Amino acid sequence: MNKSFENKMSPALSMFNHIYKEFNEIYHEATLKMGLSDSAFDILYSIVDLGDGCSQSDICKYSCLSKQTVNSSIKKMASLNYLTFKPGKGRVMQIFLTDKGRQLLDKKIYPIIKKENEAFLCMTDEECRLMLELYEKYNNALKNKFKEL
C-alpha cells in the first residue's frame, strides 16, 4: 500500500516517540520499584510542588491526569491514611498530607526527586535551558497543530 509522506512518521518523530515512551517507562519502573501506582506517584509528586491545601483540580492541572483518576486515587490514599481533606472555598476540598503521607514522601517521592535533580546535573546549565526551551516550543506547536484537527 502506497502512503503519502504525510501519513508516514518522519525519522525525527519516530525517534521522539521512542524517547517519550522510554521516558514514561523509566518513571513507570521507578514507581513500581517504590511500590506505588503511576497515579499515586503523580499525585504525591504534584503535592510536593503544589503544597498542602491544594485541590483535586490543582492536581489534575499540574499532573495532566483525568478528574476520575485523581479522584479515585486520592480516595484510595485517604483510605490508607496518607491524605486527609478539609473544606476550602465553596465546594472545594483541600488535600493535606497526614504524618503517614509525609513519611511516604520521605521514603518514596523525595528519593526520585533527588535522582531527577542528579540527572539534570549531567547537563550544563545551557543544555538544560535549551532542552526545556525546545520541549516547550514543540509542545506549543503540537497544541496549535492539534487545534486544526
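Readers should treat all values here as calculations from the given coordinates under stated rules, not as data from a laboratory. Treat the numbers as computed from the prediction; the structure is a model and nothing was measured. A quick note on method: Cβ atoms are made from the backbone with ideal geometry, for glycine too, and the neighbour counts reach across all protein chains shown.
Details
- Residue check: residue 61 meets all listed conditions (1) under 15 Å from the mean Cα position of the chain (by Cα); (2) part of a loop (DSSP other than H, G, I, E, B); (3) surrounded by fewer than 16 Cβ atoms within 10 Å (Cβ to Cβ) but one, namely (2).
- Qualifying residue in segment 106-116 (condition: among the hydrophobic types (A, V, I, L, M, F, W, C) and either free of Cβ contacts under 8 Å to residues at least 40 places away in the same chain or farther than 21 Å from residue 48 by Cα (or both)): no
- Identity of the residue in segment 64-90, over 19 Å from the mean Cα position of the chain (by Cα) and among the aliphatic types (A, V, I, L, M), that ends up nearest to residue 49 (Cα to Cα): 78
- Condition broken by residue 128, with the remaining ones in (1) within 29 Å of residue 17 (Cβ to Cβ); (2) loosely packed, with under 12 Cβ neighbours inside 10 Å satisfied: (2)
- Exactly one residue out of 15, 9 is assigned to a loop (DSSP other than H, G, I, E, B) and closer than 23 Å to residue 138 by Cβ, and it is 9.
- Scanning segment 31-42 for residues that are in a helix (DSSP H, G or I), under 13 Å from the mean Cα position of the chain (by Cα) and either under 17 Å from residue 116 (Cβ atoms) or polar (S, T, N, Q) (or both) yields a total of 5.
- The residues of segment 64-81 that are part of a loop (DSSP other than H, G, I, E, B) and in contact (Cβ under 8 Å) with a residue 24 or more places away in the chain amount to a single one, 65.
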